[in-house]
1. Can you sort 56, 230, 88 by how many other beta carbons sit within 10 Å, fewest first?
2. Return 164, 67, 102 ranked ascending by Cβ neighbour count within 10 Å, so the fewest neighbours appear first.
3. Taking the Cα centroid of region 54-107 and of region 132-167, what is the distance between the two, rounded to the nearest whole Å?
4. Starting with the fewest neighbours, write out 124, 54 ranked by other beta-carbon atoms found within 10 Å of each beta-carbon.
5. Can you give the FRET efficiency to the nearest 0.05 for residue 155 and residue 113, using r as the Cβ-Cβ distance and R₀ = 22 Å?
């Protein structure tokens, strides 16, 4: 990665009253992003695919950090812009220390490695707020493993999506071990895009749910049935989610939330479409 004489100008954090978290989060992050130079960065590695911008916030008293990545996506309809926000263990950000993040101002370079590829970050941190640019390098060894498992050859765009959602071999193995019906590469990408990850699939199993198809997993996740929701429904006095079956087998789920039944007891209902 080559830098072309980057500007040394930096902006000071905005002054004013802190927000509900006790610090100036949004204003500081936005200012950092706006002040970090864009046009002076070039990427010369021919194996790199995709570039974008990142924001990270270290919140006092929290062990995980908040991260947002913004980037362009290309499709048959043209080029669009996407944003992916999530929390992450800072120990996974190789090359970035908490001391750097909480400093009075410093340049940083670090990486996030996932099965589908590696994100390479560079930018600026000050008092827990950071921003900058990233590139993505696809892992073609992982692509070869997908091909050998019958998924075909993934495009770099698909590998970027899988890396963004941290969808990898562990999730594929878990779905197969639980007996889910055969799924395609496009369906695997959709799982990650809709927030279905390894923790979610394993969590559903621990509560006694195996939906058999990845499409049902996506539908259930889209209807707001996450693990915390099921855990709440499993408390004393509440009924766990269930499917209704017809002669042709399970039908897609549609949860309608809590209803007052049986003398005021709250019951979680999930019905077929």
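1. On the way: 56 26, 230 19, 88 14.
If I rank by nearby Cβ atoms, fewest first, I get 88, 230, 56.
2. The most exposed by this proxy come first: 102, 67, 164.
3. 19
4. By the 10 Å Cβ count, ascending: 124, 54.
5. Working: r = 20 Å, r/R0 = 0.92.
Working from the Cβ atoms, E equals 0.65.
Bear in mind these aren't lab numbers, they're just calculated from the coordinates by the rules spelled out. Remember, predicted model here, so these are calculated numbers, not experimental data. Here Cβ is always computed from backbone atoms with ideal geometry, including for glycine, and neighbour counts include all displayed protein chains.
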